[in-house]
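J.: Take a look at the following structure, please.
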Amino acid sequence: MTADVQAYGASLDHLLAELERLDLLIRFQVWRARQRADADQGLRTAYIAEDEPEQLLDRIAGTPAWATVPLPPELVKAVQGRLDELSETIERRTAASLAAGVPVRLVALAGLFELGSFEVDMVLACLAPELDARYERLYAYLHDDLTRRQPTAGLVLDLLFPRFDDKVAARRLLSPAASLRKHELLQPGDDLRLDPRVVRFLLEDDGVDERLGSAARVVVPEGSLGELTLSAELRDRLAGLMRSAGEAGDLVLYLQGSYGVGRRSAAAACCATLGINLLVVDGARLAAGGAEEFELAVRLADREARLQGAVLLWQGFDALLAEDRRAQLAALLQVLDEHPGPVFLSGEAVWEPAAALGGKAFVRLELRRPGTADRIELWRAALGADAAAGLDLEVVANSFRLTGGQIRDAAATARGLALARDPAGPKLTQADLQAACRLQSNCKLAELAQKLTPHFGWADLVLPVDQKAQLGEIANHVRYRAVVYEAWGFDAKLALGKGLNVLFAGPPGTGKTMAADVLAGELGLDLYRIDLSAVVSKYIGETEKNLARIFGEARTSNAVLFFDEADALFGKRTQVHDAHDRYANVEISYLLQKMEEYEGLVILATNLRKNIDEAFVRRLHFTVEFPIPGPADRRRIWAQIWPAATPRDRDLDLDMLAEQVEVAGGNIRNIALASAFLAAADGGAVTMRHVRDSVRREYQKIGKVLAPNDFDATGGSRHADEAG
């Protein structure tokens, strides 16, 4: 029969046909109300007539006044016949429309939220005033109250159910646990009003609910599972799960991993296999509100995903795993358990439900950071073939263990840096890529440590040959770790200890900080000096928390950690005599654990190697001794310490200074700087007199004595006088 029935042209045509049926129901009751109304009574709201109490008592409980007035049987029969005919026509045209692919929003709403025929009529009665203001006056007339222009539960029940027991049974469909209220289709209150988002849906407006704001957006999936930078085994598991979800739909899939590993891309690719959109919800932002606001937001997100016909992706799920968020977590899981179809959760923390998740299966998949080879391909895709030409992507991929999302962000940052440098014809350079990687690395580490900008090179570093060779080996260890660990298979042999822990030991001023600076600059990495005063705490457990934050942030910062004067924190463990000793040893053991877990470069600097606990020494990959420089090394330091622009007296005797002034490089730097200030105050070049006075001040600072006959009054040396 549907072949002979014309389908609706649009969903609005179906709504207008349903409103015609509603008009007939209202007209039927208006006839009754008009027959009962006295000519002088009108719409009474301000008084009660003399005979009204008796009339009220004579009426059957639960029956409106206008429903008690009998109508002519032929009129009742005609109206009922017209209702039946109209209902049948609507049903047939609706079936034809659905068969022709015409969306019928009222039918779709009923299917999405499992609404029965009465609930659909309730929605229709509430929608009518939104479409035509005449319904407000009609409802006021039937209420016998001009101030009540919206439908109420009693009015709609009277319109649809002539029998009192049917009305009582139908009231259960308006309870908070029933679909109309549970899914926020009706607004709370005595008057029945449709939620504005539901009205917009029925009128074919698919904009996301404004109460969710920017915390929710619809994503049209692009790409496929085969295009993801994931292992073949993980892609196969996702494909199998999506096949299962397409058949049953009872799946909660938790995609767990750090920022940028591709959690959203994986969810979008999964949706592409199902042929449906993705509703991405920023759960961390919604969780920042109060408990009631969050529960409402969860219901709105659930409703929005249904209205959009999209799979729900709840990002920032691990924000709910804190102890004080248990109520919010329970509220979310309860709604997700009843949500139709698969659900994606996304977060960084590992989590498994303590109990079964109701009727849904729970699966957690960990998405790991891409390996070096994958990072190279991600860089090539993010930059494009032309921009990537001539750039050493292998060096960047090896130095910065970025995720796919971070690589895309860094590529955009690098283009911006190139444009700022050369607006006319920007061309990416290796320096642009390295600077962009540093900018995209996690910057929260700066809250816990001091960032040092590397500005020294190998030529600035004066050390014995063997120590310099060791520093070169350290740089190679970082530079070629991808080859050894990934390509040559050592990664499978080592569970922990894949990072690099180095000890720099030597007196103050021997170049330990400069060596760390040179290494960071050579590798193109940021250098962070850990402020021990902010790490060590007298309160039990606080030191461990600070260390956990430092290593946690460093893990995503691609930075070199430099613990200066490390013996203050890495000292020898002691015998336990009291609770303080016990907790001090706990801190040291915890630090050992964190060092083994960290995969970056950690440099420990100490003035006294003997103060370092032997447990640390066993875990070190390199120990570099920084000795007090001898005369030859001091001569090299004196020669390069002066900037080219500094005016110097030609009689400045660097050989004599290297021979007589037995101090470390840091002290030589202080002497040269102080001499420059003395010369600037005199308005001339740096002379031996300026150097002599600066040496005397430096000796006073470090507790040494400069003999009166070490330098003559004019700046010459004692040895020079004797030779004369």
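J.: In the range 163-182, how many residues are surrounded by 12 or more Cβ atoms within 10 Å (Cβ to Cβ), closer than 25 Å to Ser87 by Cα and not hydrophobic (A, V, I, L, M, F, W, C)?
T.: So the answer is 4.
J.: When Tyr254 is evaluated against the numbered criteria (1) surrounded by fewer than 22 Cβ atoms within 10 Å (Cβ to Cβ); (2) within 30 Å of Arg375 (Cα to Cα); (3) hydroxyl-bearing (Ser, Thr, Tyr), which criterion, by number, is the only one it fails?
T.: (1)
J.: Given the options Leu433, Leu463, name the one that is closer than 22 Å to Leu519 by Cβ, under 28 Å from the mean Cα position of the chain (by Cα) and touching a residue at least 12 places away in the same chain (Cβ under 8 Å).
T.: It is Leu433.
J.: Just the residues that are surrounded by 21 or more Cβ atoms within 10 Å (Cβ to Cβ) and either modelled with pLDDT under 75 or out of contact with any His (no Cβ under 9 Å at 6 or more places or on another chain) (or both), please, taken from the range 592-615.
T.: Answer for the range 592-615, where residues must be surrounded by 21 or more Cβ atoms within 10 Å (Cβ to Cβ) and either modelled with pLDDT under 75 or out of contact with any His (no Cβ under 9 Å at 6 or more places or on another chain) (or both): Met595, Tyr598, Val602, Ile603, Leu604, Ala605, Thr606.
J.: Across the range 114-148, what is the number of residues that are in contact with a Ser or Thr (Cβ under 9 Å, 6 or more places away or on another chain) and crowded, with 21+ Cβ neighbours inside 10 Å?
T.: Here the count works out to 3.
J.: What number of residues within the range 544-565 satisfy the criterion of being on the phi > 0 side of the Ramachandran plot and surrounded by 19 or more Cβ atoms within 10 Å (Cβ to Cβ)?
T.: Total satisfying the criteria: 1.
J.: Restricting to the range 540-583, and then to whatever is closer than 15 Å to Met595 by Cβ and among the aromatic types (Phe, Trp, Tyr), can you tell me which residue is modelled with the highest pLDDT?
T.: Per the stated criteria, the residue is Phe562.
J.: Scanning the range 204-228 for residues that are assigned to a loop (DSSP other than H, G, I, E, B) and charged (D, E, K, R), which turns out farthest from Val298 (Cα to Cα)?
T.: Filtering first and then ranking leaves Glu222.
J.: Can you name the condition, by its number, that Met656 falls short on among (1) modelled with pLDDT of 75 or more; (2) within 30 Å of Arg549 (Cβ to Cβ); (3) part of a helix (DSSP H, G or I)?
T.: (2)
J.: Being out of contact with any strand residue (DSSP E or B) (no Cβ under 6 Å at 6 or more places or on another chain), hydrophobic (A, V, I, L, M, F, W, C) and surrounded by 14 or more Cβ atoms within 10 Å (Cβ to Cβ) narrows it down to one of Leu433, Leu445, so name that one.
T.: Exactly one residue qualifies, and that residue is Leu433.
J.: Among the residues of the range 118-134, which ones are in a helix (DSSP H, G or I), free of Cβ contacts under 8 Å to residues at least 24 places away in the same chain and not charged (D, E, K, R)?
T.: The answer is Val120, Pro129.
J.: A follow-up question, please. If I ask for residues that are touching an Asp or Glu at 6+ places or on another chain (Cβ under 8 Å) and farther than 20 Å from Val198 by Cβ, which ones from the range 71-118 would you list?
T.: Hits for the range 71-118 are Leu86, Ile90.
J.: Filter the range 324-333 for residues that are surrounded by 15 or more Cβ atoms within 10 Å (Cβ to Cβ) and in contact (Cβ under 8 Å) with a residue 12 or more places away in the chain and give the result.
T.: Arg325, Gln328, Ala331, Leu332, Leu333
J.: Here is a list of conditions, (1) more than 20 Å from Pro353 (Cα to Cα); (2) in contact (Cβ under 8 Å) with a residue 24 or more places away in the chain, and Glu292 meets all of them except one; can you say which number that is?
T.: Result: Glu292 fails condition (2) only.
The values are calculated or read from the model by the stated rules, or taken from the named source; none is laboratory data. Just so we're clear, the structure is a prediction, and the values are computed from it rather than from any experiment. When we count neighbours, we look across all protein chains shown, and the Cβ atoms used for this are built from the backbone with ideal geometry, even at glycine.
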